1. So which strands (runs of 3 or more DSSP E) stay within the range 71-185 end to end and still have 2 or more residues that are at pLDDT 95 or above and under 26 Å from ASP45 (Cβ atoms)?
2. Those residues that are in contact with a strand residue (DSSP E or B) (Cβ under 8 Å, 6 or more places away or on another chain) and without any contact (Cβ under 8 Å) to a residue 12 or more places away in the chain, I need them from the range 25-47; list them, please.
3. Residue under question is ILE118, and the condition is that it be under 24 Å from ALA19 (Cβ atoms), touching a Ser or Thr at 6+ places or on another chain (Cβ under 9 Å), without any contact (Cβ under 8 Å) to a residue 40 or more places away in the chain and surrounded by 14 or more Cβ atoms within 10 Å (Cβ to Cβ); does it hold?
4. Among (1) over 25 Å from HIS51 (Cα atoms); (2) surrounded by fewer than 20 Cβ atoms within 10 Å (Cβ to Cβ), where does ILE95 come up short?
5. If you take the residues of the range 136-149 that are surrounded by fewer than 21 Cβ atoms within 10 Å (Cβ to Cβ) and either aliphatic (A, V, I, L, M) or touching a Phe, Trp or Tyr at 6+ places or on another chain (Cβ under 6 Å) (or both), which of them is farthest from ILE101 (Cα to Cα)?
6. Just checking, how many residues over the range 26-74 are touching a helix residue (DSSP H, G or I) at 6+ places or on another chain (Cβ under 9 Å), under 19 Å from TRP178 (Cβ atoms) and surrounded by fewer than 12 Cβ atoms within 10 Å (Cβ to Cβ)?
7. Which one of these does ARG157 not meet: (1) out of contact with any Lys or Arg (no Cβ under 9 Å at 6 or more places or on another chain); (2) touching a residue at least 12 places away in the same chain (Cβ under 8 Å)?
Amino acid sequence: SNRLDYKDRSTCILFGDGAGAVVLGHSNGKDDGEILATDIQSDGDLWQLIHVPAGGSRRPPSQEVLQEGLHYLKMQGNDVFKHAVRTLVSSAHKIMSSQGITSGEIDWFIPHQANIRIMEVVAERLEFPSEKVIMTVHKYGNTSAASIPVALDEGVRSGQIRKGDLVLVNSFGAGLTWGAALFRY
C-alpha cells in the first residue's frame, strides 16, 4: 500500500490489502436471515490516534509532504489498543442487551481483524470461547474495512457459519469510529 511506511514496523507489519462486500437483499422472514441490531459511534476528538497527516484536501500532496513522510498512516498503538478494547466490548454489550441475549446464545463472533491481541482480549471480555471466534488476520493481515466481509466469507465457505446462525460482528477504525451488528445468517 502506498499509505504505509515500510520503515515503520508499528504499522507496516499489521496491514494487508484486501476487498470485501456483503450483498443484502429483501428478506421473506427469519429463514432468509435478518439484521437484528446495529450500533455505530464515533469520537472525532480522537482522530489523531489513527490518521494520515497529509495528502488530502487540507494538506494536499507536495514534494515536502512526500519527503517528510506525511502521506503515511500514523498510529498511536497503545492508545488505539485501549480505546478499541473498551469501545468494542461496550458496543457488543449494547447490541446484546438490546436483544436480551448473552454471548452464549450467539453462534459466531467476527471481530474486526485488527490484530490478534485486540481480538483475543475483546473475545475474552465478551466471554466468547476461541472456537466461536472467526479469525483471518493471521492469513491476510488487517485489511481494514474488508476484514469483516473477508472473515464472514471464510466462515461461510468453510461451513462454520450456516443458515440460521446468529452472528455478532464489531469493528473500529480511523476517525475514530466503532460499532457492532447482530444478524441471523
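1. 166-173, 177-184
2. If the condition is that a residue be in contact with a strand residue (DSSP E or B) (Cβ under 8 Å, 6 or more places away or on another chain) and without any contact (Cβ under 8 Å) to a residue 12 or more places away in the chain, then SER27 is the only one that fits.
3. No; evaluated as a whole, the condition is false for this residue.
4. (2)
5. GLY141
6. Final tally of qualifying residues: 1.
7. The one condition ARG157 does not meet is (2).
The values are calculated or read from the model by the stated rules, or taken from the named source; none is laboratory data. All of these numbers come straight from a predicted model, not from anything done at the bench. Ideal geometry is used to build each Cβ from the backbone, glycine not excepted, and the neighbour counts take in all protein chains shown.
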